[in-house]
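A.B. asks: Provided herewith is a single structure, encoded as structure tokens, for subsequent inquiry.
The values are calculated or read from the model by the stated rules, or taken from the named source; none is laboratory data. The shown structure was predicted, so the numbers you read here are calculated from the model rather than taken from an experiment. All Cβ positions, glycine included, derive from the backbone under ideal geometry; neighbour counts span all protein chains shown. Just the protein is used for accessible areas: all its heavy atoms, side chains included, with ligands, DNA and RNA removed. Shrake-Rupley method; radii C 1.70, N 1.55, O 1.52, S 1.80 Å.
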Amino acid sequence: GDRNRVQAVVDRSLDPAGGGSVYLEYRVVRHDCSERWIAATGQVFFEDGRPIRMVGTSQDITARKHAEAERQKFVSLAEQSHEFIGICNLEFEPLYINPAGARLVGLEREKARHTPLSQYFFPEDRDFVRDTLLPSVMRRGDSTVEIRFRHFETGDARWMLFNVFLLHDEGGEPIGFATVSRDITARRRAEDALKAADRRKDEFLATLAHELRNPLAPIHNAVHLLRQDIAATATGNRGVTLLSMMDRQVEHLVRLVDDLLEVSRITRGKIELKRQRLNLVDVLNHAIETAQPTIDRGGHRLEVELPLEPLELDADPVRLAQVFTNLLNNAAKYTEQGGVIGLVAERRDGKAVVTVRDTGVGIPAEMLPRVFDLFTQVDRSLGRAQGGLGIGLALVKSLLELHGGAVEVHSDGLGCGSAFVVGLPMIAQQNAEAPMPETTGAESSEGRHILVIDDDHDVADSLVMFLETFGATVRVAYNGADGLEAVRDFEPELVFLDLGMPVMDGYETARRIRALPQGDRVKLVALTGWGQDQIRERARQAGFDRQLTKPAGLDALQELLAEL
């Protein structure tokens, strides 16, 4: 093909009417079978209308041809892509916007090329882009943030995963920005819909629990009174047996409703712990006393090992008793008649560790990661008459996390029993005659700048006062926007940041802190009332270094300060 094309150009150049000029590009194959592109230029000279000689040059243009091919690949990819692809100079003036990008913002393509990229954002986001995002890109070379693009025709918001990259010339000097951004509006709307559905579910549970308690209270009282009257007049009467049965079932309904109410309070953040200094051994004895009737009805043997020394905690005694009563009742409920239940408490690595074991039905391996999920049961057929709603273990996990503790489950499978291991932070032992301990992480905070960002004034102010006792210079902000300003002005080394703030939540605030010029040097600690793995992962992706479950105990704070 190239041979015929070259011959045709040469033939035309030999015609005096054509002027004798020659320019052509063609490929040649070298002796090593490699292919090279050649550009040839020439001029034919004529005498009496006849060509007598040609003068010209040939140049190897293989590199240029390859660059043009790569450029064409990029152009084809960008033109056909469904993503927003754009290039602009350092002043944010567009140099290229692909067709999909123009469609996403509702502009004709030619107009999109002459519209500064700052106009693509909503006015309230432009300062963040100019003062925070772009300086971060200039410093780090790239950045990613979820932000709204403005649709020029409708004014609607399109949520974009905005990936920005710094472009350099051949000498390494910055010359502009490029973006390949994805429309995530559908995902954001789905997330908002899920949040709304989850909120409605929690509100429904709370309403249901409250409404169910109203009729249960008089039924419970009436059964109790009738049982007393019949027992006083007719010993052995069938009515006594029936009323006893009704009494047990009403008590069971009351427990189910209480669980519904408790879990709805926790999921909505409505529960408040009434903490005090206590000995965990006393709490365990109370839980054993409460669960003993259920254990006795199953004919089980309870083996208890409690330490002689106190296990001192800063905790809510009622809530902890609820946790261990639940675990003991579960062990009795899911263990066949005449089984063995064990409760062992010990001090381990500065924590109080309590293990509740049973010889019961056990848990399949595939169910172990899910047993603490709400409304999850290992096998509904195993619940029998004592079955519940699958709330108890979710409640146990949530209450323990509110205390800064955790729970794990172990089982070798069905028929092999199970073990629930609870860990709770202990209060550090103090001895007036003992030598002063070495400097802790908190004590070594003297002179350090620490910022607390939390919309709950009581939580924020109390944490500030605690940190100031160790000599740290502490400031407080009650929302994300004020927190960003404080990071710029105060330049803290450590920031405690609440995740659940309104308007700008902790995740978005953390991403914006990380985008600040000094953002890479700040240690970020997420403050949350929850401790699920998905929240930890989301916090890590937002740029947090640690996560601390509220309310944070003294030991947990000291340990965290020492680590950071």
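A.B. asks: Could you provide, to the nearest whole Å², the per residue accessible area of segment 42-175 with probe 1.4 Å?
C.D. replies: Values: 7900 Å² over 134 residues.
That works out to 59 Å² per residue.
A.B. asks: Right, something else. How long, wide and thick is segment 1-154, going by the Cα atoms along their three principal axes, in whole angstroms, largest first?
C.D. replies: Between the extreme Cα coordinates on each principal axis of segment 1-154 lie 77, 38, 25 Å.
A.B. asks: So how far, in whole Å, is the C-alpha centre of segment 156-175 from the one of segment 267-329?
C.D. replies: 57 Å
A.B. asks: While we're here: Report the extension gain between Ala481 and Asp131 in nm, rounded to one decimal, defined as 0.36 nm multiplied by the number of residues separating them, less their alpha carbon distance. Working shown, then result.
C.D. replies: Working: separation 350, 0.36 × 350 = 126.00 nm, distance 1.36 nm.
Here the segment from Ala481 to Asp131 would lengthen by 124.6 nm.
A.B. asks: Counting only residues 5 or more places away or on other chains, whose amide H sits under 5 Å from the amide H of Gly342 once H atoms are built in the peptide plane?
C.D. replies: Under 5 Å from the amide H of Gly342: Glu303, Arg357, Asp358.
A.B. asks: How far apart, in nanometres, would the label points at Glu79 and Lys195 be if each is projected 7 angstrom from Cα along the Cα-to-Cβ direction?
C.D. replies: Taking the two extended label points, one gets 4.1 nm.
A.B. asks: Taking amide H atoms as placed 1.01 Å from N in the peptide plane, list the residues 5 or more away in sequence, or in a different chain, whose amide H sits under 5 Å from that of Gly176.
C.D. replies: Amide H to amide H, under 5 Å and 5 or more residues apart or across chains, Gly176 pairs with Leu167.
A.B. asks: As a test of the definition: which semi-axes, in Å, follow for segment 71-216 when you take the square root of five times each eigenvalue of its alpha carbon gyration tensor? Largest first, please. Before the final figure, lay out each step's value.
C.D. replies: Working: eigenvalues 335, 61, 39 Å².
That gives 41, 17, 14 Å for the three semi-axes.
A.B. asks: Quick one: what does P(r) look like for segment 130-176 with 10 Å bins over all Cα pairs, in whole %?
C.D. replies: Bins of 10 Å from zero give 24, 40, 26, 9, 1 percent of pairs.
A.B. asks: Which of the lysines could a cross-linker bridge to Lys351, judged by Cα under 19 Å and excluding same-chain residues fewer than eight apart?
C.D. replies: Partners within reach: Lys397, Lys550.
A.B. asks: For Ala472, what residues show an amide H to amide H distance below 5 Å, using hydrogens built from the backbone and excluding near sequence neighbours?
C.D. replies: Counting only residues 5 or more places away or on other chains, the set is Gly447.
A.B. asks: How high is the FRET efficiency between Lys523 and Asp349 when r is their beta carbon distance and R₀ equals 22 Å, given to the nearest 0.05? Let's see the in-between values first.
C.D. replies: On the way: r = 24 Å, r/R0 = 1.09.
Efficiency computed from Cβ-Cβ geometry: 0.35.
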